[in-house]
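The values are calculated or read from the model by the stated rules, or taken from the named source; none is laboratory data. Since the structure is predicted, the reported quantities are computational estimates derived from the model, not experimental observations. We place every Cβ from the backbone using ideal geometry, glycine too, and count neighbours over all the protein chains shown. Remember, those area values only see protein heavy atoms, side chains included, never the ligands or the DNA or RNA. Shrake-Rupley method; radii C 1.70, N 1.55, O 1.52, S 1.80 Å.
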Amino acid sequence: MIAIIDYGAGNIHSIEKALEHVGAQVQVTDDPQVVAKAQAVVLPGVGSGGAAMARMSSRGLDNAIREATFQGKPFLGICLGMQLLADHHEEGEVAGLRLFRGSVRRIPHGPKIPHMGWNQIQALQPDLPIFAELPSDAYFYFAHSYYVEPQDQTGVAAVTDYGSPYCSVIATDQVWGTQFHPEKSGDIGMQLLKNFVKWVKQ
């Protein structure tokens, strides 16, 4: 079972249905005990960084996520869920989950902010499991005003250009993160979710 974290912000119905569509058994939860029993964890991203961390901390979900990743359970963070992997989030000036060295900053410039719509990724490590059966220059759907600024490049799996290049995919032994929404990215997004489910079932 994959636990989808519900911290009380936004509609997570689309990621729930997308994962079910690719063959996963899922449970939407705000209960740390359910997270502890899950095979894997997905953290969708809606809302502001400060509010999201406050809600998760109040429920004990932050510690439950950290413990799950320390145990080696697959983790996927989507959009804000990827940003919350970092050490610090500029929006709300809050500490993140600290599972990926870096900070989250507001996009300094671009054609328009927020960055909304389809954009291309450039896979820096195209042989990683997260990119299985995906073209290295795939297009995905983005909706964000902040981005992850890595402390170093370890784990940066892809970049996207929006005014300047920024990290759009994180992939380490413990966590995957996508700045875009795979559940809103058509067949190519479904393939990425299939790759995650395959990781979970290994």
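Laid out as a table, the results:
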read-out	value
Per residue, in Å², the accessible surface of the chain once ligands and nucleic acids are set aside, probe 1.4 Å	44 Å²
Cβ-defined net charge surrounding Tyr7, 9 Å radius [Lys, Arg +1; Asp, Glu -1]	0
Carbon and sulfur %, accessible surface of the range 20-174 computed with the full protein complex present, 1.4 Å	47 percent
Relative intensity, log₁₀ I(q)/I(0), of the range 83-202 from a Debye sum that treats every alpha carbon as a point, q = 0.09, 0.11, 0.14, 0.18 Å⁻¹	-0.23, -0.34, -0.56, -0.94
R0 of 35 Å, Cβ-Cβ distance Thr154-Met1: FRET efficiency to nearest 0.05	0.70
Whole-angstrom Cα spans of the range 1-117 along principal axes, big to small	41, 28, 23
Which listed pairs, of Lys37/Lys184; Lys37/Lys194; Lys73/Lys194, have C-alpha distances above 19 Å, in listed order	Lys37/Lys184; Lys37/Lys194
Helix-derived mean residue ellipticity, 222 nm - over the chain, DSSP H n ≥ 4, -39500 (n - 2.57), to 500	-8000 deg cm²/dmol
Rg/Rh (Cα only; Kirkwood hydrodynamic radius) as it applies to the chain	0.92
Neighbour net charge for Asp30 - beta-carbon separation under 10 angstrom, K R +1, D E -1	0
Order of exposure, largest accessible area first, which applies to Arg55, Arg98, Arg106, Arg66 with probe 1.4 Å	Arg98, Arg106, Arg55, Arg66
Met116 accessible area, 1.4 Å probe, all protein chains in place, Å² to nearest 10	120 Å²
